[in-house]
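Undergrad: Quick one: the structure is below, and I'll ask about it shortly.
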Amino acid sequence: MTRITLDMYQTMAVAVAALYLGQFIKRRAAFLEKFCIPVPVIGGTVFSVLSCILYMAGIVEIVFTDTLKDVCMVFFFTTVGFHADLRLLKTGGRVLVKMIVLVAVIAFSQNALSVGLAVLMRQSPLVGMCAGSVAILGGHGTSAAFAPLLEARGMSGAFTFCTASATFGLIAGSLIGGPIANSLIVKKDLIKTAKENPRSRDEKKEKQGQLVSYARAAFQLAVAAGIGTALTGLLSRTGMVFPQYIGPMLVGCAIGNIGSFTGKRECFTREIEDISSIMLELFLGMALISLKIWQLFALALPLTVLLAAQTLFMVLFARFIVFPFLGKDYDAAVMTSGVCGFGMGATPNALSNMQAVTFRRPPSYTAFLVIPIMGGMFLDIINSFTVLLFLNLI
């Protein structure tokens, strides 16, 4: 079979083509707009299905280069840091504590559900672990980290099963988050509970009528990303594992809040929001076109049942536990879509869900503050301890 490797420029070009395709399809499919399905998910899934058909037919395997995908991810999370106005922590701090509790419950429940069902189907509990929080909550990174441990415990092919489960979760989490949040917002008329960002209010007074300056905003993001990646390297020396974007996000938060409180640095909120949207769409476009859907075909029937159960659990948990627990308001609905995103996929999927929900609606600054912090600093820690607990119990 022919193997075609696309360099980083060609990969980005295909991702942009996928985004255009996603926009084209979404404009013509009313239900996709109605249920807030993200554009990158639509176009990226179409391209990944096409790639899968070519691979399964033995015609060609398309391999994408991840370099620019990682760059876009870092810049996106840097913009998230700039948006994080610490004045919102008056309410966001309490929400973050609630989110930590929710993630702990999700991690425990996913493992208990998958291991319990595996035992009922007379399968090894380790099969259940492959469809538990290792892959569903942890995504591809945690799957790669824990697969050798599962294989050492006797689970042959653990890496393949975990990766396939993570791929399924990535798609499912992107498909269920938007519809759940959209139905809550519409049925309960939650728009009236949306909150305004204090920094945006200050900026409107200072910058009304002035020309926007995207170049200066981009320069600030570049500086924050450069310093932040160095900070991530220093944090990693403690022996703990941190995602690459955590340093840039923290540095962006520091620069944004120092400038906002002192008034010595212009806050290019609108420009950074626009750059943020571009970086997120490019990142997700490149991530989703490279999905290896054929890995799902390796799933045995028991694992398929486990993944279907995980999806049903997340839908019910998000609708009836997450939303009420977070406050039953607009921010809670947006964060519910985010919980579906990282609860079955990854933090970028959570942010993509929230962006789709808030498109043509008021922004949710609390959601975009809490979800990245949760996903970047606490999720993997909580999940890792939960997985280790179950591995020692089974």
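Undergrad: Considering only segment 167-189, state which residues are out of contact with any Cys (no Cβ under 6 Å at 6 or more places or on another chain), hydrophobic (A, V, I, L, M, F, W, C) and in contact (Cβ under 8 Å) with a residue 60 or more places away in the chain.
TA: If the condition is that a residue be out of contact with any Cys (no Cβ under 6 Å at 6 or more places or on another chain), hydrophobic (A, V, I, L, M, F, W, C) and in contact (Cβ under 8 Å) with a residue 60 or more places away in the chain, then PHE168, LEU170, ILE171, ALA172, LEU175, ILE180, ALA181, LEU184, ILE185 are the ones that fit.
Undergrad: Identify, please: which residue in segment 241-276 is under 13 Å from LEU221 (Cβ atoms) and of a type in the set (S, T, N, Q) and is, among those, modelled with the highest pLDDT?
TA: So, considering only residues that are under 13 Å from LEU221 (Cβ atoms) and of a type in the set (S, T, N, Q), the one modelled with the highest pLDDT is SER276.
Undergrad: Does segment 281-290 contain any residue that is assigned to a helix (DSSP H, G or I), under 30 Å from VAL115 (Cβ atoms) and modelled with pLDDT under 90? Walk me through how you get there before you give the answer.
TA: Here is the first cut: in segment 281-290, the ones assigned to a helix (DSSP H, G or I) are 281-289.
Retained after the next criterion (residues that are under 30 Å from VAL115 (Cβ atoms)): 287-288.
Then drop every residue that is not modelled with pLDDT under 90, which leaves 287-288.
Yes: segment 281-290 contains one or more residues that are assigned to a helix (DSSP H, G or I), under 30 Å from VAL115 (Cβ atoms) and modelled with pLDDT under 90.
Undergrad: Let me ask something additional. Can we say GLY341 is more than 23 Å from GLY239 (Cβ to Cβ), touching a Ser or Thr at 6+ places or on another chain (Cβ under 8 Å), in contact (Cβ under 8 Å) with a residue 40 or more places away in the chain and not acidic (Asp, Glu)?
TA: Details: more than 23 Å from GLY239 (Cβ to Cβ): yes; touching a Ser or Thr at 6+ places or on another chain (Cβ under 8 Å): yes; in contact (Cβ under 8 Å) with a residue 40 or more places away in the chain: yes; not acidic (Asp, Glu): yes.
Yes, satisfied.
Undergrad: Examine segment 304-323 for a residue that is free of Cβ contacts under 8 Å to residues at least 40 places away in the same chain, more than 30 Å from GLY154 (Cα to Cα) and part of a helix (DSSP H, G or I), and state whether such a residue exists. Explain how you work it out, then say what you get.
TA: Going through segment 304-323, the residues free of Cβ contacts under 8 Å to residues at least 40 places away in the same chain turn out to be 304, 308, 312, 316, 320.
Among the residues that remain, those that are also more than 30 Å from GLY154 (Cα to Cα) are: 316, 320.
After this cut, where a residue has to be part of a helix (DSSP H, G or I) as well, the list is 316, 320.
Within segment 304-323, one or more residues are free of Cβ contacts under 8 Å to residues at least 40 places away in the same chain, more than 30 Å from GLY154 (Cα to Cα) and part of a helix (DSSP H, G or I).
Undergrad: To continue, here is another question. Quick one: would you say PRO363 is at pLDDT 85 or above and either crowded, with 23+ Cβ neighbours inside 10 Å or farther than 16 Å from LYS98 by Cα (or both)? Full working, then the answer.
TA: On the way: at pLDDT 85 or above: yes; either crowded, with 23+ Cβ neighbours inside 10 Å or farther than 16 Å from LYS98 by Cα (or both): yes.
So PRO363 fits the description; yes.
Undergrad: Of the residues ILE371, ILE381, only one is surrounded by fewer than 24 Cβ atoms within 10 Å (Cβ to Cβ) and among the aliphatic types (A, V, I, L, M); which?
TA: Exactly one of ILE371, ILE381 is surrounded by fewer than 24 Cβ atoms within 10 Å (Cβ to Cβ) and among the aliphatic types (A, V, I, L, M), namely ILE381.
Undergrad: Name the residue that is modelled with the highest pLDDT, counting only residues in segment 20-41 that are part of a helix (DSSP H, G or I) and buried (at least 22 other Cβ atoms within 10 Å of the Cβ).
TA: If we take residues in segment 20-41 being part of a helix (DSSP H, G or I) and buried (at least 22 other Cβ atoms within 10 Å of the Cβ), then GLY22 is modelled with the highest pLDDT.
Undergrad: Would you tally the residues in segment 344-365 being within 19 Å of ARG270 (Cβ to Cβ), in a helix (DSSP H, G or I) and more than 13 Å from the chain's Cα centre (by Cα)?
TA: 2
Undergrad: Confirm whether PHE323 is touching a Leu at 6+ places or on another chain (Cβ under 8 Å) and under 22 Å from SER133 (Cβ atoms).
TA: Values: touching a Leu at 6+ places or on another chain (Cβ under 8 Å): yes; under 22 Å from SER133 (Cβ atoms): yes.
It is true that PHE323 is touching a Leu at 6+ places or on another chain (Cβ under 8 Å) and under 22 Å from SER133 (Cβ atoms).
Undergrad: Could I ask something else about it? If a residue must be in contact with a Phe, Trp or Tyr (Cβ under 8 Å, 6 or more places away or on another chain), crowded, with 24+ Cβ neighbours inside 10 Å and farther than 24 Å from LEU389 by Cα, how many such residues does segment 131-179 contain?
TA: The number of residues fulfilling the criteria is 2.
Undergrad: Suppose the filter is under 22 Å from PHE31 (Cβ atoms) and aliphatic (A, V, I, L, M); does MET335 pass it?
TA: no
Undergrad: Can I ask one more? For segment 50-84, what are the residues that are of a type in the set (A, V, I, L, M), assigned to a helix (DSSP H, G or I) and either in contact (Cβ under 8 Å) with a residue 60 or more places away in the chain or under 30 Å from GLY375 (Cα atoms) (or both)?
TA: Matches in segment 50-84: MET56, LEU68, VAL71, MET73, VAL74, VAL80.
Undergrad: For segment 212-235, does any single residue satisfy the condition of being modelled with pLDDT under 75, part of a helix (DSSP H, G or I) and not acidic (Asp, Glu)?
TA: no
The values are calculated or read from the model by the stated rules, or taken from the named source; none is laboratory data. Everything quoted here is computed from the prediction, not taken from an experiment. Cβ atoms come from the backbone with ideal geometry, glycine included; neighbour counts cover every protein chain shown.
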